[in-house]
Every structure is written in structure tokens, then in C-alpha cells.
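Just below is one structure, and these are the notes that go with it.
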Amino acid sequence: MKMNINSIVSCGLVLALTGTVGYGVANAGEKKDMTSKTAASSVVTNDNGSVSRTFVESSITTNGNLVTEHRRETRTNMDMEGNVLQTTTSEYAQSYNVGDTGWKLPAKEDAKDAPAVATDSFMGLKFGAVHDVTNTVTDTDEPTLLRAKFKPAKPLAGFDDYYVYVTPKTHKVVKVCACAKEAVEPGSNWRRHYLIEALEKRYQTWARLCSWFRPCYAFDVAPDRYVTVCLYGSSDDYETVISAWDNSVVRLAADEYEEMRKEARKNAAEKRKQKVSDAADAF
């Protein structure tokens, strides 16, 4: 039986596997090492009968004065017959000293009081706004868009070039990219990459791993709006690339591109017709 996703937000099998394990140390004056683990799973049945399962494992370990947080989330999408369609995994770890605080998502009871997260712009450019550019070029990877370089008001440390992609006819902002020729290092072997942590704070959502062979992460920041980060090995020209785009404007760009193609075909047919007419008159 099909069930509405709003009515079944979570048929939650909440596995409250919460445990605390203490380990003795040689000196009584030292702090004990402690580990706290939790796991939870949820099942959502969508309107079309497909099923989404989510399993989250988390742990917090205190080792002397060092606190390490680890989180692994596995999402599995299945069709109404139980066949697995897609499985994705997101994982991160961060460490900090006792007394510091790792970043947390806002508590649910505080979410309604938290200020709204702005998702309609990136690097100072607003999606869907007309961008006055004259140095646009075509891009083989984005045939329906035009690309131009720009300089942000607040550039990112370690990044070399910034690109804005616009619709081919009205020049509305579709996508914004920040690119670094050399891999931008995290600066710490224990923490997650600072760019990932910064984007999580910016959009108040966790990153999810979106590649099995490269350190690439995605953020679903709003309906039809996304941000991706590839930390290294992004392309032949750049190692680290951050991209943000709006799918609704992507569709607009495709419509404009098709409209321009139809107009070009119409003009070509009219020119050919005129050439045939002129040649017929000359014979």
C-alpha cells in the first residue's frame, strides 16, 4: 500500500545502541578513555511505492584530552519490489581538545528560532539574477551555458580562478565555481577538511560522499539547489573545485538554448530559400 511521505516521515527503528566503555589508565590522575556509540535507522515509503532506508552510526571517543567524533550514514533506495536502486555512504571524523566544541546541527527545538539559511546565492552572485558579462565563452562540458571569469568580493584562500555560468540568451546566473590549481590542504590530519566543515556551518547540513574514487562531497542546500566539493583530482586543470548551482535555472538555460537553435534553423532555412530564389531568377 502506498503511503504519503509526509504522513510517514520515519517508521523509525531507532536502535538506541548507546553504550559507554571505560578503560583504566596507569596513573589515577589521568582522565579515563571513554567511548560513546549510537546507531539509528529509519524507513520512509515514498508516494511512488519506493522505499528509502537510512542507517546512521555515531561515536564520540575521549582519549586523554583529545575528543574524536565519527559519523557514518548509509542511505539505500529500493523500488516497491525490494530491488536496490542506489546506495550512498557519507562519513566524516573530527577531533578537538577537551573544552572545545565540535560543530553540531541546530537542535530541532531551536530550529524554528534559528535564522533562515540563505541559499539563493554563492560567492556573492545570486542564482537567476541577470549577470552583466561581455567576456563569455562556450564550454564543451556545459553546452547549454555560457562561461565567464569573475572576481568575488571575498576570495577564498588558495583558490586561483572563479567562474560564473549563465543562460545563453538572458544571461541569468546558473552556476558558480571556485577553482584551485593546487589541492587545498586541510591543515590538520585529524579534522575533516576545513572547506567541508565551513560549508556544513554555512548551510546547516551534513556533507555526503558522492564518489567512490575521489574525495568529492555534495550538499543538498535547498530544493533544486546544490553544492559539490572535489578536494583533489577534480579535472585536468584544477585539483580542488567547489561548484554551486540551481537546477531550476539549469532548465531555463536548456529552454533558451533550444529556442536559439530553433531560431537559427529557421534563419538558415530562410537564407537558403532566398539563395534558391535569387539563383532561379538569374538562370
Inset, instruction - Within region 94-115, identify whether any single residue is at pLDDT 85 or above and closer than 28 Å to Ser243 by Cα, and answer yes or no. - result: no
Legend entry - Meets criteria (under 28 Å from Thr88 (Cβ atoms) and in contact with a strand residue (DSSP E or B) (Cβ under 9 Å, 6 or more places away or on another chain)) for Thr170: no
Inset, instruction - Being polar (S, T, N, Q), free of Cβ contacts under 8 Å to residues at least 60 places away in the same chain and assigned to a strand (DSSP E or B) is the filter here, so list the residues in region 53-87 that pass it. - result: Thr54, Ser58, Ser59, Thr61, Thr62, Asn63, Thr74, Thr76, Asn77, Gln86, Thr87
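Okay, residues lined up against (1) farther than 29 Å from Thr136 by Cβ; (2) not assigned by TED's automatic domain parsing to the domain that holds Leu146:
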{"residue": "Val174", "(1), (2)": "no, no"}
{"residue": "Glu182", "(1), (2)": "no, no"}
{"residue": "Ile196", "(1), (2)": "yes, no"}
{"residue": "Gln204", "(1), (2)": "yes, no"}
{"residue": "Ser235", "(1), (2)": "no, no"}
{"residue": "Val250", "(1), (2)": "no, no"}
{"residue": "Arg265", "(1), (2)": "no, yes"}
{"residue": "Lys275", "(1), (2)": "yes, yes"}
{"residue": "Asp281", "(1), (2)": "yes, yes"}
Legend entry - Tally, over region 134-168, of residues that are surrounded by 13 or more Cβ atoms within 10 Å (Cβ to Cβ), under 18 Å from Ala253 (Cα atoms) and among the charged types (D, E, K, R): 3
Inset, instruction - Please determine, by comparing only the residues of region 118-148 that are in contact (Cβ under 8 Å) with a residue 40 or more places away in the chain and among the hydroxyl-bearing types (Ser, Thr, Tyr), which one is nearest to Ala244 (Cα to Cα). - result: Thr119
Legend entry - Matching entry among Arg214, Arg265 (being modelled with pLDDT under 90 and over 26 Å from Ala148 (Cβ atoms)): Arg214
Inset, instruction - Return yes when His131 is modelled with pLDDT under 95, touching a Pro at 6+ places or on another chain (Cβ under 6 Å) and either surrounded by 17 or more Cβ atoms within 10 Å (Cβ to Cβ) or among the β-branched types (Val, Ile, Thr) (or both) and no when it is not. - result: no
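The values are calculated or read from the model by the stated rules, or taken from the named source; none is laboratory data. Because the structure is a prediction, the values reported are computed rather than measured. Here the Cβ is made from the backbone with ideal geometry for all residues, glycine too, and neighbour counts use every protein chain on show.
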